[in-house]
1. Return the only residue of 48, 52 being free of Cβ contacts under 8 Å to residues at least 60 places away in the same chain, crowded, with 20+ Cβ neighbours inside 10 Å and more than 23 Å from residue 122 (Cα to Cα).
2. It is to be established whether one or more residues within region 55-62 are part of a loop (DSSP other than H, G, I, E, B) and of a type outside the set (Phe, Trp, Tyr).
3. From the list 138, 80, pick out the single residue that is open to solvent by 20 Å² or more (accessible area, probe 1.4 Å) and over 15 Å from the mean Cα position of the chain (by Cα).
4. Any residue that is more than 17 Å from residue 58 (Cα to Cα), among the small types (Gly, Ala, Ser), open to solvent by less than 60 Å² (accessible area, probe 1.4 Å) and part of a loop (DSSP other than H, G, I, E, B) - is there at least one of those in region 100-107?
5. Given the criteria within 19 Å of residue 142 (Cα to Cα) and charged (D, E, K, R), does residue 57 qualify?
6. How many residues does region 33-45 contain that are assigned to a loop (DSSP other than H, G, I, E, B), in contact (Cβ under 8 Å) with a residue 60 or more places away in the chain and either of a type in the set (D, E, K, R) or open to solvent by 10 Å² or more (accessible area, probe 1.4 Å) (or both)?
7. Which one of these does residue 132 not meet: (1) more than 14 Å from the chain's Cα centre (by Cα); (2) modelled with pLDDT under 95?
8. I'm told residue 29 meets every condition in (1) within 15 Å of residue 124 (Cα to Cα); (2) of a type in the set (D, E, K, R); (3) loosely packed, with under 15 Cβ neighbours inside 10 Å except one. Can you identify the failing condition by its number?
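The values are calculated or read from the model by the stated rules, or taken from the named source; none is laboratory data. Note that the structure is a prediction, hence the values are computed from the model and not measured. A quick note on method: Cβ atoms are made from the backbone with ideal geometry, for glycine too, and the neighbour counts reach across all protein chains shown. Surface areas here come from the heavy atoms of the whole protein model, side chains and all, with no ligands, DNA or RNA. Shrake-Rupley method; radii C 1.70, N 1.55, O 1.52, S 1.80 Å.
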Amino acid sequence: MQTEVRLRVAVLGFFVADNQVLLLHQMTDPEPNCWDLPGGGLQPQETLMEGLAREIREETGITDFQVERLLTIAENFFPQGEGKVLHSLNIIYQCRVEPKPTNLSSDDPEVGPLGIKWLAIATLTPQMCSNRVWTALQAADLV
C-alpha cells in the first residue's frame with residue numbers, strides 16, 4: 001500500500017520581548033491543545049511575507065511589525081489516518097513589535113480558550129508547546 005503525503009507550507013512569527021515569547025493556545029490538528037506560534041499555511045500564489053503578515057494579523061491583531069531574520073525551518077511528519085501523512089514545513093521568522101502589545105485578540109477559531117499571551121520563556125516545556133515552538137526556542141538559544 002502506498003502512503004499518500006500532503007505537503008503543507010506555513011509561515012510563523014517568533015516574537016520575543018522581556019524574556020517572554022508571544023504564543024497562542026492552538027486547538028487544531030496536528031498538535032491540538034498546546035501553545036503555538038502565530039502563523040499558518042500559505043494561500044495559493046501568496047508570498048512568504050504576504051502570508052506572514054496576513055496570519056499574524058488574523059491570529060493576534062498585530063498589523064505593524066518587523067521581520068528581523070529567518071530563524072529556522074521546522075519540519076515534521078504527522079500521521080493522518082491509515083495510509084496518509086502530513087508533511088509540515090514551517091518557516092519561522094524572528095520578528096519584533098514595538099511597543100510590546102498587551103491587548104491581543106483574534107476571531108480565528110484555531111485560537112483556543114486560553115487565548116494569546118506573552119509567556120515567560122523560563123516556564124515553557126516541550127510538553128506544553130508545539131514542536132515548532134520548541135524548535136524556534138532552540139534555534140534562538142533560549143532553551
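1. Details: 48 fails: crowded, with 20+ Cβ neighbours inside 10 Å.
After ruling out the rest, the residue left standing is 52.
2. yes
3. 80
4. For region 100-107, residues more than 17 Å from residue 58 (Cα to Cα), among the small types (Gly, Ala, Ser), open to solvent by less than 60 Å² (accessible area, probe 1.4 Å) and part of a loop (DSSP other than H, G, I, E, B): absent.
5. no
6. Residues meeting the conditions: 1.
7. (1)
8. (1)
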